[in-house]
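Asks: Please see the structure below; I have some questions.
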């Protein structure tokens, strides 16, 4: 065999090795990225879990002392919101200079993609305005405002009438009387702190007119203060789901105590339904990815061995 042929053969062998090495590096990078993505997703959902704030929830027995501990950590925590029959059980924040601060800041004041529940910066922190707008991310795994969209189902809406809003050192009740869907760019709906009495009535009529579900047993007038829980909707691009309630001095009992957040009424999910892989625990996902990686490596090794065998016995 001539020197040129030997050099060409060696070049081909080196090229094959380089391609195989590059393929292996790409696979390892993809595996590393997938592992990080799963870890990061888990961290986001962990940060959004209401259990992180559980020990700070105001209770009558300690006159809200636990809540004051949270306010000492972050003075921009102004209230606590609970929606009975859901996992919505969070502190409420408000930034006086920028209503979007808590899109990516948690209730402890730390950076977090899950953000925090926050009151519109144009609203008074004592919820004395006619319409008080609260925002929260629509997240999976029943965190933040991820369950607001479930109220689009009438049976789910009918089964969950009450909530609790703690502010000014005491609990207040919430009677949810409407569920509405609108567009994120509807500046009329998202106009907080409407002052004029005629404008308030027109606003209330508009909300009731656009609502998918209403509760006629709850009489709401312009003398009331209403809380509007707003989050992104998955049913339309730039859509927003809004659960609307009347703030009351009467504190309502939680009919779901002892039953967990789940209701006996079936709740069709309006959230993103993940596939089987997405629902697996992290260790199972990593095991599957590792197995796929080993399979690919084994195939590469076998292919290289077959090529060497073919060259060895080539005439």
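The values are calculated or read from the model by the stated rules, or taken from the named source; none is laboratory data. Bear in mind the structure is a predicted one, so any value in this text is a computation, not a measurement. Note that we place each Cβ from the backbone using ideal geometry, even for glycine, and neighbour counts take in every protein chain shown.
Asks: So which residues in the stretch 160-173 are in contact with a strand residue (DSSP E or B) (Cβ under 8 Å, 6 or more places away or on another chain) and either assigned to a strand (DSSP E or B) or crowded, with 21+ Cβ neighbours inside 10 Å (or both)?
Replies: 160, 162, 163, 164, 165, 166, 167, 171, 172, 173
Asks: Continuing with this model, one more query. Among 176, 157, which is closer than 14 Å to residue 242 by Cα, in contact with a strand residue (DSSP E or B) (Cβ under 6 Å, 6 or more places away or on another chain), touching a residue at least 24 places away in the same chain (Cβ under 8 Å) and assigned to a helix (DSSP H, G or I)?
Replies: Step by step, each of 176, 157 is checked, and only 157 is closer than 14 Å to residue 242 by Cα, in contact with a strand residue (DSSP E or B) (Cβ under 6 Å, 6 or more places away or on another chain), touching a residue at least 24 places away in the same chain (Cβ under 8 Å) and assigned to a helix (DSSP H, G or I).
Asks: Let me ask something else. Take the conditions touching a helix residue (DSSP H, G or I) at 6+ places or on another chain (Cβ under 7 Å) and buried (at least 18 other Cβ atoms within 10 Å of the Cβ) and apply them to residue 176. Does it pass?
Replies: Considered against the rule, which asks whether it is touching a helix residue (DSSP H, G or I) at 6+ places or on another chain (Cβ under 7 Å) and buried (at least 18 other Cβ atoms within 10 Å of the Cβ), residue 176 comes out as no.
Asks: Here is a further query. Within the stretch 67-114, track down each residue that is part of a helix (DSSP H, G or I) and either surrounded by 18 or more Cβ atoms within 10 Å (Cβ to Cβ) or not assigned by TED's automatic domain parsing to the domain that holds residue 151 (or both).
Replies: 67, 70, 101, 102, listed by residue number.
Asks: Among the residues of the stretch 214-230, are any farther than 30 Å from residue 166 by Cβ, part of a loop (DSSP other than H, G, I, E, B) and either within 31 Å of the chain's Cα centre (by Cα) or at pLDDT below 70 (or both)?
Replies: The answer is no; no qualifying residue exists.
Asks: Restricting the first residue to the stretch 237-257 and requiring it to be not assigned by TED's automatic domain parsing to the domain that holds residue 178, which pairs with a second residue that is surrounded by fewer than 19 Cβ atoms within 10 Å (Cβ to Cβ) meet a Cβ separation below 6 Å and a spacing of at least six or different chains?
Replies: Close Cβ pairs (under 6 Å, with a partner that is surrounded by fewer than 19 Cβ atoms within 10 Å (Cβ to Cβ)) do not exist here.
Asks: What single numbered condition from (1) within 15 Å of the chain's Cα centre (by Cα); (2) surrounded by 22 or more Cβ atoms within 10 Å (Cβ to Cβ); (3) farther than 21 Å from residue 258 by Cα; (4) touching a residue at least 40 places away in the same chain (Cβ under 8 Å) fails to hold for residue 147?
Replies: (3)
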